Amino acid sequence: MDARNGIGGTLQGVDLLAEIDRLRRERNAVILAHYYQKPEIQDLADFVGDSLELSRKAAETDADVIAFCGVRFMAETAKILSPQKTVILPDMDAGCSLEDSCPPEQFAAFRAQHPDHIALTYINSSVQVKALSDIIVTSSSAEKILAQIPESQPIIFGPDRHLGGYLARKFGRDMLLWPGVCIVHEAFSETELLKLKAEHPGAPVAAHPECPAHIVEHAEYVGSTSGILDYAKTMPGDTLIVATEPHIIHQMQKAVPHKLFIGAPGADGNCNCNICPYMAMNTLEKLYLALRDLTPRIEIEEELRLKAKRSLDAMLDMASATIGQGDLGPVTVTGA
């Protein structure tokens with residue numbers, strides 16, 4: 001028998017929703033769910049939102065435990081901002097292709113080759129890379145931060161080359177781009193998107209700036225997941241094509257059920273390939289076990305935490321009001 005999994009090594013017969021709610025109260029826990037989580041996890045969470053927005057909300061609570069249904073870098077960010085709280089992640093293997101693309105030792109060596117550059121680093125990065133960075137940015141804060149940096153200041157932007165390229169084109173800035181990509185947003189097909197637009201003439205496209213340029217250039221709105229959600233609520237039409245991880249559509253349908261939301265297709269003509277495999281690793285069963293056992297637990301050595309927090313604080317000093325907002329749109333980007 002697996003002691004973690006109850007009688008016979010299974011959770012058969014366990015009312016997971018009731019047990020999660022009981023443990024939430026007993027542990028004095030707050031449950032966070034990113035927009036890319038499965039609907040059943042979003043619906044039981046205390047807060048649903050973007051990664052940094054969630055960590056800030058959790059830091060403001062009196063909870064002793066933060067259960068972060070997201071990926072590892074998000075839970076690390078929660079621990080950076082709430083070192084006194086216990087932070088658990090339902091599956092410690094829930095990583096991120098952007099984080100994986102930027103090993104700390106390689107990033108450190110790259111920075112050493114360009115000592116005159118400052119590092120603007122996307123929040124989708126490890127705590128070690130955050131500690132090597134000058135300013136962290138989110139998809140909702142990046143523009144405001146970049147606008148405050150003198151044009152004479154050389155910049156390294158990583159690890160997302162598509163977000164960095166979007167910003168470079170929009171601001172006319174020449175930045176050194178780390179060559180990382182999000183496997184979810186990389187999977188969208190321009191050919192299939194154009195077919196979908198032809199099937200729904202007049203329907204706008206809302207795209208996350210992690211998408212490649214050939215997707216973004218067809219979008220009427222470009223912004224963070226929170227920004228895309230707000231756009232869905234306020235746009236005048238009744239049909240929206242959504243070029244980001246499709247689980248955000250759950251919140252759109254709850255907010256404006258009379259509108260039609262269509263996930264932008266992948267190369268196979270549907271959006272199944274655009275479901276984040278890392279986000280999907282979180283399940284109700286794993287959340288229950290994490291709350292029951294208070295593991296897997298995020299631990300960060302204090303010196304490393306403080307170094308990473310400096311780059312987060314720099315962002316908050318420059319663009320605190322943008323967190324959870326969609327200030328990248330509405331725009332139409334053309335050209336590469």
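Measuring with a 1.4 Å probe in the full set of protein chains, what accessible area per residue, in whole Å², belongs to the chain?
Details: 13370 Å² over 336 residues.
Spelled out: the 1.4 Å probe surface of the chain, per residue, equals 40 Å².
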Amide H contacts of Gly263 (H built 1.01 Å from N, under 5 Å, at least 5 apart or other chain): Val242
Above-threshold pairs, the threshold being 31 Å between Cα atoms, out of Lys57/Lys195; Lys195/Lys259; Lys79/Lys144: Lys57/Lys195
Percent carbon-and-sulfur accessible area, the chain, ignoring ligands, DNA and RNA, probe 1.4 Å: 51
Bridge type composition, the chain - antiparallel percent by DSSP, nearest 5: 5
Inter-centroid distance (Cα atoms) of segment 45-71 relative to segment 84-130, Å: 20
Positive minus negative residues near Asp21 (Lys, Arg vs Asp, Glu; Cβ under 14 Å): -1
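The values are calculated or read from the model by the stated rules, or taken from the named source; none is laboratory data. All values derive from a computational prediction rather than experimental measurement. Reconstructed Cβ throughout: ideal geometry from the backbone, glycine too, with neighbour counts over all protein chains shown. Heavy atoms of the whole protein, side chains included, go into the accessibility calculation; ligands, DNA and RNA do not. Shrake-Rupley method; radii C 1.70, N 1.55, O 1.52, S 1.80 Å.
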